[in-house]
Amino acid sequence: MAGSSEEAPDCGRGVVIMDSWPGYDLNLFTYPQHYYGDLDYVLIPHGVIVDRIERLAKDIMKDIGYSDIMVLCVLKGGYKFCADLVEHFMNISRNSDRFISMKVDFIRLKSYRNDRSMEEMQIIGGDDLSKLAGKPVLFAKDIVGTGQTMRALLSSLEKYKPNMVKVASLLVKRTPRSDGFRPDYAGFEIPNLFVVGYALDYNEYFRDLNHICVINEHGKEKYRV
């Protein structure tokens, strides 16, 4: 599905979806009828997303198993990714000698209005982050675009002095505005497209869409605020 390349794959980039990838016809899948006419195509089907997250969980367990770790879910777009990732952690722990003792907390970031990134990021919520002192921390995030949001978040965490910080992102967007930040664990590297679904939203719409899809101009205008 990711297209072809003569170069050897870089596993650190996750599943690389090329710019030329045409996606899947919407008619091949089921999706909420209230979004008919609002989407261009399916970029990543739900089943592929779930399988990829299972592999990410195995990779993370291999690296940091036997740890008492704090998973910080970056809301709102990261909640499905985080939930599935944590579920796979628990399944692996139950059925192998790898084990992660987890606590989960939630941080909400607001960095988009319509399809534009805002200059200032808002950080909302989160429990007493001083509890992170001396502990391993794993961020579960929906998408990394320019990298500025994640760098600001990591910088704000430094004062709490965790002993390790890792970032798992379901998506990494190839964008000319990127500052070069890369998560430690990436699900998919995608073209510079505005995508929705699997809890990624456009002004709070499309979170109920299981597949990751590309929104069209009609959809953007319909749900613009």
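The values are calculated or read from the model by the stated rules, or taken from the named source; none is laboratory data. In this text the structure is predicted, and so the values were computed from the model without any measurement. A quick note on method: Cβ atoms are made from the backbone with ideal geometry, for glycine too, and the neighbour counts reach across all protein chains shown. Accessible surface areas use protein heavy atoms only, side chains included; no ligands, DNA or RNA. Shrake-Rupley method; radii C 1.70, N 1.55, O 1.52, S 1.80 Å.
Just one of (1) touching a helix residue (DSSP H, G or I) at 6+ places or on another chain (Cβ under 6 Å); (2) open to solvent by less than 50 Å² (accessible area, probe 1.4 Å) fails for Phe99. It is (2). Within the range 176-192, the only residue that satisfies the criterion of being open to solvent by less than 50 Å² (accessible area, probe 1.4 Å) and farther than 29 Å from Pro136 by Cβ is Pro191. Every residue in the range 176-191 that is at pLDDT 95 or above and out of contact with any strand residue (DSSP E or B) (no Cβ under 6 Å at 6 or more places or on another chain), please. Matches in the range 176-191: Pro191 only. Scanning the range 17-30 for residues that are closer than 8 Å to Val42 by Cβ and assigned to a loop (DSSP other than H, G, I, E, B) yields Gly23, Asp25, Phe29. Restricted to strands (runs of 3 or more DSSP E) entirely inside the range 113-175, those with at least 1 residues that are open to solvent by 60 Å² or more (accessible area, probe 1.4 Å), among the hydrophobic types (A, V, I, L, M, F, W, C) and modelled with pLDDT under 70 are 116-124. Residue pairs whose Cβ atoms lie under 6 Å apart, separated by 6 or more positions or on different chains, with the first residue in the range 52-77 and over 21 Å from Arg207 (Cα atoms) and modelled with pLDDT under 90 and the second of a type outside the set (D, E, K, R) and open to solvent by 70 Å² or more (accessible area, probe 1.4 Å), are Tyr66/Phe99. Residues in the range 177-207 that are among the acidic types (Asp, Glu) and either touching a helix residue (DSSP H, G or I) at 6+ places or on another chain (Cβ under 9 Å) or under 16 Å from Met150 (Cβ atoms) (or both): Asp179, Asp184, Glu189.
Tell me which residues, restricted to the range 130-160, are over 16 Å from the mean Cα position of the chain (by Cα) and at positive phi. If the condition is that a residue be over 16 Å from the mean Cα position of the chain (by Cα) and at positive phi, then Gly134 is the only one that fits. The residues of the range 59-86 that are under 15 Å from Lys166 (Cα atoms), part of a helix (DSSP H, G or I) and open to solvent by 50 Å² or more (accessible area, probe 1.4 Å), listed by number, are Lys62, Asp63.
Residue count for the range 154-176, restricted to those that are closer than 16 Å to Val195 by Cβ and out of contact with any helix residue (DSSP H, G or I) (no Cβ under 6 Å at 6 or more places or on another chain): 6.
Could you list all residues from the range 31-53 that are surrounded by fewer than 15 Cβ atoms within 10 Å (Cβ to Cβ) and either of a type outside the set (Phe, Trp, Tyr) or part of a helix (DSSP H, G or I) (or both)? Across the range 31-53, the qualifying residues are Pro32, Gln33, His34, Gly37, Gly47, Asp51.
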